[in-house]
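The values are calculated or read from the model by the stated rules, or taken from the named source; none is laboratory data. Computed from a prediction, not measured in an experiment: that's the story for all the values here. Positions of Cβ are generated from backbone atoms using ideal geometry, with glycine treated the same way; all protein chains shown enter the neighbour counts. Each accessible area value is taken on the protein alone, full model and side chains, heavy atoms only, with ligands, DNA and RNA left out. Shrake-Rupley method; radii C 1.70, N 1.55, O 1.52, S 1.80 Å.
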Amino acid sequence: MSQTTAATVAHANDHALDHGDHAHGHHPTGLMRWLTTTNHKDIGTMYLWFSFTMFLMGGVLALGIRAELFKPGLQLWHPEFFNQLTTMHGIIMVFGAIMPAFVGFANWLVPIQIGAPDMAFARMNNWSFWLLPPAALLLVISFFVPGGATAGGWTLYAPLTSQMGPGMDLAIFALHILGASSIMGSINIVVTILNMRAPGMTMMKMPMFVWTWLITAYLLIAVMPVLAGAITMTLTDRHFGTSFFNAAGGGDPVMYQHVFWFFGHPEVYIMILPAFGIVSHVIPAFARKPLFGYSSMVYATSSIAILSFIVWAHHMFVVGMPAAGVLFFMYATVLIAVPTGVKVFNWLATMWRGSMTFETPMLFAVGFLFVFTMGGFTGLVCAIAPIDLQIQDTYYVVAHFHYVLVAGSLFALFSGTYFWLPKWTGHMYNEAMGKTHFWLSLIFFNITFFPMHFLGLAGMPRRIPDYATQFADFNMIASIGAFGFGFSQLIFLAGVVKCIRGGEKATAQVWEGAEGLEWTLPSPAPYHSFEVPPQVK
Amino acid sequence: MSTVASVRLARAAGNRQLLVRLLVVTAVMFGFGFALVPFYEKICQVTGLRSLLQPDHVGSINSQIDYARSIAIEFDTNMRGLPWTFRSLEGHVSVHPGEMQQAVFEIHNGSNRPLTGQAIPSYGPALAAEYFRKVECFCFTQQTLQPGETRQVPVVFVVDSALPSSIATITLSFTFFEVNGAQAPAGVSTPVSVKAGAVRS
Ligand code: HEM
Ligand SMILES: [Cu+2]
């Protein structure tokens, strides 16, 4: 194909090529290369390493939690510090690990999937990334200020957040910066997708990953500013005498929950829609069949996004809403299960009578399908208001959202990493390591989180450092699973490093059944690709 | 490569235009977050959902006194961030549903500067809240105490006879918060200046 050769030529001229916008003269080398790069592939790579680092950090905090909960009684930490662990684990995983990881994927893949030479605003792209490390630094520093890191839970509910020490302010600033980064990244993605597609690539020909990110980016632009508003109000309540959430001044802490969850529920879809996109590439490739029901996938994704704006109060069934409100939010929430179900059935139909093979990306995708769907079901259980009155703020909810976030978002990220790694590095990863990583992750994930359903149903509250002895056995099992899961991730790290260093040479096509523009590029994808837009038929 | 350059230039203008539009959306949504505050206040006002700091209407309830039942009312007092003392003179009282009753609390500013506080009520069990009607309460206004000042403040209330029979004891707990900064009109205790969730500017 012609664009392949054009791209290869561009690659060959890599350093000599000087094209308008930014890259004047030579590429800087060493650290300066990474600090100043405006190349979407470089930036994607940095996002991925950043998010993996945060994933390990958040993971260490999680192991701190599970070590304390290994048996009843206070073993390792003061309760105050335990609360910091749970809070910072949540914040770091959501805002530091999962979200930037998907942005990293978008940077790497969106341009090469739509035949664009780079992101629309390459310089802004660099800024979006370099905002992240300072924000992460603030979060780390917050552990060492008087009173320690914020301990109000990742949802940062008032009135706790009005009462915490300076660690809270640092967390607020960090979230402001992370939010600004997300918004800039999203704007970049929307503009790239809408304006930079290769000729012939109509909206309904766009790859699913691109579609899901387009919708996710819109969600982000719509709700990140609302979160910014909520934490700004918290900040002014703390320091400037306002009383948005301060009952003494006539404010209302429940209002915080309303504002937060207006952001918070779309946020959970922000963390899962790109995962849906990834899985929609992997399953067809390994079933060697086109994606079943492409257009219904597009519509389902859009309806999920729209519905996600009218269900926020399902997180607040116990605040004392009028019955009519409870019923509305309950029905609306259950309604979301319909488009989600459409997707699951489409993936199943794609696999139906396909000639399937189970390389690591497919294993993670199928694992995602099974285990994420279980998380969807427990979500439905939580959505039934009378049941939720019992299980709200128990370990059942913890089980629910780890099934959707770990086995959903994270497994999809692993699936996508193994799937595109050969395209990124030019080498095949070690299949045995990949499979070991998958099986250990799947098994230890379930050992960790499955017992939490029972704990929650039996009434164990979440976010506590100590518990009644009847919960001891399941907690011990969960803690063992957590350490197993944590250490299994080192296999992933080793596998990726090994694949970067060398390995069997990857072909351009990499996977027999893979389809899309990115597979027309050689592996590794050249530094500059699609300088001349390909023609899509 | 010159065709590439011209395609890029044409695109750049379109890209910038979309960028500006999306930035506007971002700014609007930031404002929307703040707009939710007065919006919810309006809803609460219209539906009467949150009337914590306003006199309750007693006109609608059954004024028949139910002598067959006695409800124990326990008073609990707390302080947050204020160097005051705060106590209930009665400690607890017993009332019949439908009967108007007064209880008196004493607040004292032991510090050497004038201070303003706001009391926030809460109920145990929470379910009792909607049957506990406060006709008059020191918690409807901010209280400003001069250094060394002691003040006795009343609560006048009726327990609705519709109170479920399973509830025999109601705990009424007040917490005094310090009011500082912009929302403290110094030295005045304006009646019901703190409406349900009113925003101060
Ligand atoms: C069929 C789809 C889903 C339904 C019906 C659903 C429903 C619910 C409900 C009702 C709650 C509140 C439970 C409570 O606090 O008592 C909840 C919590 C939660 N859900 Fe889901 N959910 C679904 C999918 C997802 C997905 C895809 C994600 C993220 C990838 C997610 C992440 C969360 C999180 C993080 C929480 C807990 C928030 C917190 O309190 O810290 N959910 N879900
Ligand atoms: Cu939700």
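The table that follows gives values for the structure above.
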item: Unmet criterion (only one of (1) in contact (Cβ under 8 Å) with a residue 12 or more places away in the chain; (2) touching a helix residue (DSSP H, G or I) at 6+ places or on another chain (Cβ under 9 Å); (3) surrounded by fewer than 23 Cβ atoms within 10 Å (Cβ to Cβ)) for A:MET203; result: (1)
item: Exclusive hit being surrounded by fewer than 21 Cβ atoms within 10 Å (Cβ to Cβ) and in a helix (DSSP H, G or I), set A:TRP127, A:TRP154; result: A:TRP127
item: Filtered residues of the range A:239-262 (kept if among the polar types (S, T, N, Q) and within 16 Å of ligand 1 (Cβ to nearest atom)); result: A:GLN257
item: Given (1) surrounded by 15 or more Cβ atoms within 10 Å (Cβ to Cβ); (2) at pLDDT below 90, index of the condition B:LEU145 fails; result: (2)
item: Residue within the range A:222-235 that is within 16 Å of ligand 1 (Cβ to nearest atom) and farther than 20 Å from A:HIS176 by Cα present; result: no
item: Residue that is nearest to the other protein chains (Cβ to nearest Cβ), among those in the range A:248-264 that are within 11 Å of ligand 2 (Cβ to nearest atom) and open to solvent by 10 Å² or more (accessible area, probe 1.4 Å); result: A:PHE262
item: Test set (1) touching a Lys or Arg at 6+ places or on another chain (Cβ under 6 Å); (2) assigned to a helix (DSSP H, G or I) - A:SER523 fails condition number; result: (2)
item: Residues located in the range B:20-45, provided they are open to solvent by less than 40 Å² (accessible area, probe 1.4 Å) and in contact with a helix residue (DSSP H, G or I) (Cβ under 6 Å, 6 or more places away or on another chain); result: B:LEU22, B:THR26, B:MET29, B:GLY33, B:LEU36, B:TYR40
item: Cβ-Cβ under 6 Å pairs, at least 6 apart or on other chains, the range B:156-169 side closer than 13 Å to B:MET100 by Cβ, far side part of a loop (DSSP other than H, G, I, E, B) and open to solvent by 40 Å² or more (accessible area, probe 1.4 Å); result: B:VAL158/B:VAL58; B:SER161/B:ASN62; B:SER161/B:ASP66
item: Unmet criterion (only one of (1) more than 9 Å from ligand 1 (Cβ to nearest atom); (2) without any contact (Cβ under 8 Å) to a residue 24 or more places away in the chain) for A:VAL381; result: (1)
item: Check on A:THR192, in a helix (DSSP H, G or I), open to solvent by less than 10 Å² (accessible area, probe 1.4 Å) and more than 11 Å from every other protein chain (Cβ to nearest Cβ); result: no
item: Extreme residue, most open to solvent (accessible area, probe 1.4 Å), among residues of the range A:267-322 that are outside any helix (DSSP H, G or I) and within 16 Å of ligand 2 (Cβ to nearest atom); result: A:MET321
item: Residue ID - nearest to ligand 2 (Cβ to nearest atom), chosen from residues in the range A:384-408 that are in contact with a Phe, Trp or Tyr (Cβ under 6 Å, 6 or more places away or on another chain) and over 17 Å from A:VAL268 (Cα atoms); result: A:ASP388
item: Residue identified as among the acidic types (Asp, Glu) and surrounded by 21 or more Cβ atoms within 10 Å (Cβ to Cβ) among A:GLU518, A:GLU512; result: A:GLU518
item: Elements of type strands (runs of 3 or more DSSP E) contained in the range B:57-126, each with 2 or more residues being aliphatic (A, V, I, L, M); result: B:71-80, B:92-95, B:100-109, B:115-124
item: Members of the range A:349-383 found to be within 16 Å of ligand 2 (Cβ to nearest atom) and either among the hydroxyl-bearing types (Ser, Thr, Tyr) or under 27 Å from A:LEU421 (Cα atoms) (or both), listed by number; result: A:PHE372, A:THR378
item: Residue match in the range A:147-154 (condition: within 16 Å of ligand 2 (Cβ to nearest atom) and more than 14 Å from chain B (Cβ to nearest Cβ)); result: yes
item: Failed criterion for A:HIS176 (all others in (1) open to solvent by 20 Å² or more (accessible area, probe 1.4 Å); (2) within 15 Å of A:TYR47 (Cα to Cα) hold); result: (2)
item: Residue within the range B:160-167 that is in contact with a Phe, Trp or Tyr (Cβ under 7 Å, 6 or more places away or on another chain), farther than 22 Å from B:ALA68 by Cα and surrounded by 15 or more Cβ atoms within 10 Å (Cβ to Cβ) present; result: no
item: Test: residue in the range A:394-410 that is among the β-branched types (Val, Ile, Thr), open to solvent by less than 10 Å² (accessible area, probe 1.4 Å), more than 22 Å from A:GLY341 (Cβ to Cβ) and part of a helix (DSSP H, G or I); result: no
item: Verdict on A:TYR429 being in contact with a Gly (Cβ under 6 Å, 6 or more places away or on another chain) and closer than 24 Å to A:ILE65 by Cβ; result: no
item: Residue in the range A:414-434 that is within 15 Å of ligand 1 (Cβ to nearest atom), open to solvent by 10 Å² or more (accessible area, probe 1.4 Å) and within 25 Å of A:TYR269 (Cα to Cα) present; result: no
item: Selection within the range A:300-350 - more than 10 Å from ligand 1 (Cβ to nearest atom), within 14 Å of chain B (Cβ to nearest Cβ) and more than 22 Å from the chain's Cα centre (by Cα); result: A:VAL319, A:GLY320, A:MET321, A:PRO322, A:ALA323, A:ALA324, A:GLY325, A:VAL326, A:PHE328
item: Tally, over the range A:24-55, of residues that are open to solvent by 60 Å² or more (accessible area, probe 1.4 Å) and modelled with pLDDT of 95 or more; result: 2
item: Whichever residue in the range A:323-348 is within 16 Å of ligand 2 (Cβ to nearest atom), under 14 Å from A:LEU380 (Cα atoms) and of a type outside the set (A, V, I, L, M, F, W, C) and, among such residues, is surrounded by the most Cβ atoms within 10 Å (Cβ to Cβ); result: A:THR333
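Conditions tested, residue by residue: (1) within 14 Å of chain A (Cβ to nearest Cβ); (2) within 24 Å of the chain's Cα centre (by Cα); (3) under 29 Å from A:VAL318 (Cα atoms); (4) modelled with pLDDT of 90 or more.
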| residue | (1), (2), (3), (4) |
| --- | --- |
| B:SER88 | no, yes, no, yes |
| B:HIS96 | no, no, no, yes |
| B:GLU99 | no, no, no, no |
| B:ALA103 | no, yes, no, yes |
| B:HIS108 | no, yes, no, yes |
| B:THR116 | yes, yes, no, no |
| B:SER122 | yes, yes, yes, no |
| B:LEU127 | yes, yes, yes, no |
| B:GLU130 | yes, yes, yes, no |
